[in-house]
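**Student:** One structure follows; several queries about it will come next.
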Ligand code: PRP
Ligand code: ZN
């Protein structure tokens, strides 16, 4: 059998779109996602993609049905005995929070003492309550946790909050953050060497895609007298490229800047005399 890596991704939900977009950005072509498709083979990379319920992904990875998976860290920790987080992907950020009906008065965590809490994440919730010396009755339910208070099943809930709209539409308010989560890549403990190699290839591509997304290529013109000052402002990977312009006494500077510092840098560059500033997206960034 030729060696392939099996990647489990969420079939539908908060992580699906971003997970598949990332795989595509890595140049892995698996021919689009028809609805209801549960398996797809990549045509140009030794990989097969399995579309699964997110809660099942850690179990499948632990059992070796899939080699690696993309899941929320909350799911990875809650459900995975024998898997490791090999890479933090940084997207689909959310929090696991305690929430109660919005009409209830809330003082602090001890309000939950002896109360019933409904959740799909009993393990994470139990750890948190224990750390904070609160004991409550945890009811594990696998879905529609948000309706538990209104049907009298629990005083509060502990569930994933992203935009907060699910809580809002169920008349609940977030009162404590139990755990902060993001998408992570998990793998089994004992991945065979050849699959490990393919995983490293994939991670190499993911890093290249993600650092490209975080950076921009910048070009600008400046009078030669201002170059020293401008070079101080441009961080660059090493140092900026400086090329003479056809016009005497002027140069063109090229560099890479981080999106987070973008607007500050642009303003400082203008103040230092830069002109004709061009900012261009980067397709891939290696090393
Ligand atoms: C979570 C949670 C809510 C929703 C919250 O589901 O159970 O339904 O996201 O998002 P919001 O704050 O933006 O409204 P999740 O994505 O974990 O899917 P699953 O529970 O169906 O697996
Ligand atoms: Zn789920």
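**Student:** Tell me which residues, restricted to segment 144-173, are more than 16 Å from ligand 2 (Cβ to nearest atom) and over 15 Å from residue 118 (Cβ atoms).
**Tutor:** Those that are more than 16 Å from ligand 2 (Cβ to nearest atom) and over 15 Å from residue 118 (Cβ atoms): 163, 164, 165, 168, 169, 173.
**Student:** Go through (1) more than 28 Å from residue 211 (Cβ to Cβ); (2) surrounded by fewer than 13 Cβ atoms within 10 Å (Cβ to Cβ); (3) at pLDDT 95 or above and name the single condition residue 125 misses.
**Tutor:** Failing condition for residue 125: (2).
**Student:** Can you name every residue in segment 127-139 that is under 17 Å from residue 179 (Cα atoms) and out of contact with any strand residue (DSSP E or B) (no Cβ under 6 Å at 6 or more places or on another chain)? Steps first, please.
**Tutor:** As a first pass, look at segment 127-139 and keep what is under 17 Å from residue 179 (Cα atoms): 127-134, 138.
Across segment 127-139, the qualifying residues are 127, 129, 130, 131, 132, 133, 134.
**Student:** Go through segment 214-231 residue by residue and tally those that are part of a helix (DSSP H, G or I), farther than 13 Å from residue 252 by Cα and in contact with a helix residue (DSSP H, G or I) (Cβ under 7 Å, 6 or more places away or on another chain).
**Tutor:** 1
**Student:** Give the residue that is farthest from ligand 1 (Cβ to nearest atom), with candidates limited to residues of segment 121-174 that are more than 12 Å from residue 97 (Cα to Cα) and assigned to a strand (DSSP E or B).
**Tutor:** Per the criteria, the residue is 137.
**Student:** Would a scan of segment 98-118 turn up a residue that is within 16 Å of ligand 2 (Cβ to nearest atom), within 26 Å of residue 20 (Cβ to Cβ) and over 18 Å from the mean Cα position of the chain (by Cα)?
**Tutor:** Here is the first cut: in segment 98-118, the ones within 16 Å of ligand 2 (Cβ to nearest atom) are 118.
Remaining after also requiring within 26 Å of residue 20 (Cβ to Cβ): none.
The answer is no; no qualifying residue exists.
**Student:** Another question, if that's okay. Among the listed residues 57, 70, 77, identify the single one that is within 15 Å of ligand 2 (Cβ to nearest atom) and in a strand (DSSP E or B). Reasoning before the result, please.
**Tutor:** Values: 57 fails: in a strand (DSSP E or B); 77 fails: in a strand (DSSP E or B).
Answer to the selection: 70.
**Student:** On to the next question. Just checking, does segment 130-151 include any residue being surrounded by fewer than 19 Cβ atoms within 10 Å (Cβ to Cβ), in contact (Cβ under 8 Å) with a residue 12 or more places away in the chain and under 30 Å from residue 26 (Cα atoms)?
**Tutor:** Checked against the condition, which is being surrounded by fewer than 19 Cβ atoms within 10 Å (Cβ to Cβ), in contact (Cβ under 8 Å) with a residue 12 or more places away in the chain and under 30 Å from residue 26 (Cα atoms), segment 130-151 yields no hits at all.
The values are calculated or read from the model by the stated rules, or taken from the named source; none is laboratory data. This is a predicted model, so every value here is computed, not measured. Counting neighbours? That spans all protein chains shown, and the Cβs are built from the backbone with ideal geometry, glycine included.
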